[in-house]
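Each remark here refers to the structure printed beneath this line.
Here, each number is a calculation from the coordinates, and none is a lab measurement. Here the structure is a predicted model, which is why all the values come from computation and not from measurement. Note that we place each Cβ from the backbone using ideal geometry, even for glycine, and neighbour counts take in every protein chain shown.
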């Protein structure tokens, strides 16, 4: 097989780096926002929060798309199917399964498990395109995964072995494996959409499909979608941040990254997001990371740098 084409398109330099930084910083900070939202005075189930978030994001994205284009998109059945399937894979499968897993595992364990997204993405892309990743890409992926283990490993291992609820080990292994796989697959199959329709319309329809499915899951699970009456200001602020920044701005930035960069680079957010979460917890909550976690941060940055600087070939 030929080496994966990682030619960076013209104009990708500054716009690509800017969008990549948005994905890194915003999605990394959503761990903190979710924690604030679900641990406030009002009881909010993670799946309930996810459903509200995706419905609100869908409404904002579709409104933005209508404002920009002034008309509904003329989509083929194939394009509608790709929108629906990719949205469900990413926001119900990837994000939703990770949220479900968080009920029976420490957040650090979930983050570490989702850190295999870059590897899944590169492998699936290699199979679909019948290509093989370059040696530099493989080395960067390996460094990123090692750094991720060093960053989130200490809290998981040292938390009195309570990282996984008793009796859920195999179930969690399956769910988190499926979460990483479905996010990666959804990210890859959506790429043909951006050649024919507006990225904003694509994102709006993807989140709409995911919101409908999430609503069905909540209904089947007996989870009410009525918001609690005693929501605190911090919970409301966290929810608005998750919708506007975590679901709208960062999703559009992620789509731009997918269009500009190869899968190995686009998926490095899975390595950097926990890094941002650890630093934010340190700065805002005073949760000082272990020394080995700081070493892991350096290793992650080195891995991302290797991937970004790997020579790109036509």
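Remark: relative contact order (the chain) = 43 percent; criterion is Cα-Cα distance under 8 angstrom and separation of 6 or more residues.
Summarised as an ellipsoid, the stretch 159-252 has semi-axes of 28, 23, 15 Å, derived from the eigenvalues of the Cα gyration tensor scaled by 5 and square-rooted, with the largest first. Each helix, a run of at least 4 DSSP H residues, gives -39500 (n - 2.57); summed and divided by the residues of the chain, these come to -23000 deg cm²/dmol at 222 nm. Each peptide among 18-24, 119-125, 218-224, 290-296 gets the average number of other Cβ atoms lying within 10 Å of its residues, and from highest to lowest they stand as 119-125, 18-24, 290-296, 218-224. Separation of the stretch 245-312 from the stretch 17-42 is 12 Å, based on Cα centroids. Just so you know, the averaged projected area of the alpha carbon convex hull for the stretch 46-139 sits at 8.9 nm². Per-peptide packing, taken as the mean over residues of other Cβ atoms within 10 Å, places 297-308, 77-88 in the sequence 297-308, 77-88 from highest down. Ordering of 37-45, 259-267 by packing is 259-267, 37-45, highest average first (other Cβ atoms within 10 Å, averaged per residue).
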